[in-house]
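The values are calculated or read from the model by the stated rules, or taken from the named source; none is laboratory data. Small disclaimer: the values here were computed from a predicted structure and weren't measured. Note that each Cβ is placed from the backbone with ideal geometry, even for glycine, and that neighbours are counted across all protein chains shown.
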Amino acid sequence: MFVLLRQLQAVRRSIALPAPVARGSLAFRHVDAGSCNGCEHELNAAANPYYDLQQYGLNLVASPRHADVLLVTGMVTVRMQRPLEAAYAAMPRPRLVAALGDCALGCNALGEGRQLAGPLEDLLPVAIRIPGCPPTPQQIAEHLLAALRDPPSTE
């Protein structure tokens with residue numbers, strides 16, 4: 001077991017995620033608003049022991065009532081607009097919204113216009129933008145760590 005832990009520590013050093021300058025934490029509530037699941041797979045990879053976002057104080061939570069950041073993936077569909085707004089309203093203030101992936105940012109959206117509620121920025125105030133289709137776990141980690149180090153302005 002000790003050998004495995006040392007190997008894991010060496011792997012963490014080799015991918016060179018930056019150490020946080022100041023200790024703190026951010027709790028994320030993930031909402032899939034209509035994605036292809038590519039971003040979800042990469043988000044899960046970012047939370048696994050290889051990248052280990054929790055060591056930096058970044059945690060995924062099950063309830064928007066416990067979240068600092070609403071992490072949205074996918075182009076918002078008409079049917080997900082109300083649940084997304086309800087999750088945002090349930091969050092305590094100050095609260096942030098993060099758009100994960102090109103679809104959430106309104107780029108290269110798949111689907112018919114009548115099924116889409118529009119880009120996330122038209123519905124909620126997006127403070128953190130994580131581009132990519134899908135973004136790599138490394139990119140996700142870097143953008144979230146940047147939000148922890150230099151928090152964007154809240155609503």
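If you go through the stretch 97-130 one residue at a time, how many are over 25 Å from HIS41 (Cβ atoms) and at pLDDT 90 or above?
Looking only at that region, the number is 1.
Could you please let me know if LEU96 is under 14 Å from ARG29 (Cβ atoms), hydrophobic (A, V, I, L, M, F, W, C) and buried (at least 19 other Cβ atoms within 10 Å of the Cβ)?
yes
Out of PRO83, PRO94, PRO49, which single residue is more than 30 Å from ARG13 (Cβ to Cβ) and at pLDDT below 90? Full working, then the answer.
Values: PRO83 fails: at pLDDT below 90; PRO49 fails: more than 30 Å from ARG13 (Cβ to Cβ).
None of the other options fit; the residue is PRO94.
So SER63 passes all but one of these: (1) of a type in the set (Ser, Thr, Tyr); (2) surrounded by 21 or more Cβ atoms within 10 Å (Cβ to Cβ); (3) over 28 Å from ILE15 (Cα atoms). Which condition number does it fail?
For SER63, the failing item is (2).
For a quick check of your reading of the model, give me the residue pairs whose first member lies in the stretch 40-60 and is touching a residue at least 60 places away in the same chain (Cβ under 8 Å), whose second is surrounded by fewer than 12 Cβ atoms within 10 Å (Cβ to Cβ) and charged (D, E, K, R), with beta-carbon atoms closer than 7 Å and at least 6 apart or on different chains.
If the second residue must be surrounded by fewer than 12 Cβ atoms within 10 Å (Cβ to Cβ) and charged (D, E, K, R), the pairs left are GLY57/ARG23.
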